[in-house]
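Each reported figure results from applying straightforward, stated rules to the coordinates on display, with no laboratory input. Since the structure is predicted, the reported quantities are computational estimates derived from the model, not experimental observations. Note that each Cβ is placed from the backbone with ideal geometry, even for glycine, and that neighbours are counted across all protein chains shown.
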Amino acid sequence: MIIVKYFASLRSITGKEEEQFNMGTETTLEKLCNELSKTAPKIGEMIREKKVIISVNMDVIQLDAIIKDGDEVALLPPFSGGC
Amino acid sequence: MSTTLESNVRIQREDFVVTDEIEAIKRASRNIGGIVTFLGTGRELSKGENISQLNFEHYPKMAEKKLEEIRIKAIKDYEIIEMIIIHRIGEIDIGENIVLIVAAGEHRKEAFKACEWAISELKRTTPIWKRETTSTGEVWVQDTP
């Protein structure tokens, strides 16, 4: 299972903090994005338009990255820490 | 109140005491000759709207990891002696402390440069988000200068 976490405005869109996807032993971020789009099309659109930063196991990655079973994927809206 | 320095990089709900952090960084080396601090606080006006409250959330572990990377790179690239970075999360009222960066070097120049770089890098790379509460509702801030 791949765990997908949603933060801040993205959690407001999905109404969930996280969800799990069964994508086999290995998949691409693009395929996962397609799966996400089925239930949350706006999220898929934001990923394709690069309005979302994506991390796998806490490292920022690109859309062509490979994701393995057990990985933690986080969808991160633009950061606004500081003041 | 005296604070024991647990780590030079912290994300916490509770407030911090700036002078305690300055005293803590002084203990890192007797060679420190210049200390620069940046303190970010909650302001009332944002894009012409009155803010009644701020709320910060973070991605646990990744945010701390990013802050530690910033600290390590600041020490290396700007040749400072030590850096402390603290960011608060949760509800923060107007005028309260949000973020503190303390850069300590042998001389002031490198400490000023490191401090300015660190706050810019924090805003650019650290998964922390701000939600503002105004009279019209709550909004997640998407872009910060």
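By DSSP, what percent of the beta bridges with both residues in segment A:2-76 are antiparallel, rounded to the nearest 5? About 75 percent, rounded to the nearest 5. Rounded to the nearest 20, the size of the Cβ-charge dipole of the protein assembly as shown about its Cα centre is 380 debye, with Lys and Arg at +1 and Asp and Glu at -1. Bridges between two residues of segment B:1-102, per DSSP, are antiparallel at a rate of about 80%.
If R0 is 41 Å, the Cβ-Cβ spacing of A:Glu26 and B:Gln12 corresponds to a FRET efficiency of close to 0.60.
Computed over the alpha-carbon pairs of the protein assembly as shown, the distance histogram in 10 Å steps reads 8, 30, 30, 21, 10, 1 percent, short to long.
Pair-distance distribution of segment B:1-123: all C-alpha pairs, bin width 10 Å, starting at 0; shares per bin in whole percent are 13, 43, 33, 10, 1. Alpha-carbon geometry of chain A: the Rg and the Dmax are 11.9, 42 Å, given in that order. Assuming charge only on the beta carbon of Lys and Arg (+1) and of Asp and Glu (-1), the dipole of segment B:35-145 about its Cα centre is about 280 debye to the nearest 20.
In straight-distance terms, cross-link reach from A:Lys31 covers every one of the lysines whose alpha-carbon lies under 20 Å from its own, apart from those fewer than eight places away in the same chain; here that gives A:Lys5, A:Lys42, A:Lys50, A:Lys51, A:Lys68. Partners of B:Lys73 within straight-line reach, counting lysines whose Cα lies under 24 Å from its Cα and excluding those fewer than 8 residues away in the same chain: B:Lys26, B:Lys61, B:Lys65, B:Lys109, B:Lys113, B:Lys123. Between A:Gly81 and B:Ile128, the built amide H atoms are under 5 Å apart, and every one of these is 5 or more places off in sequence or on another chain.
Mean partner shielding of peptide B:55-62, defined as the number of other chain Cβ atoms within 10 Å of each residue Cβ, is 4.
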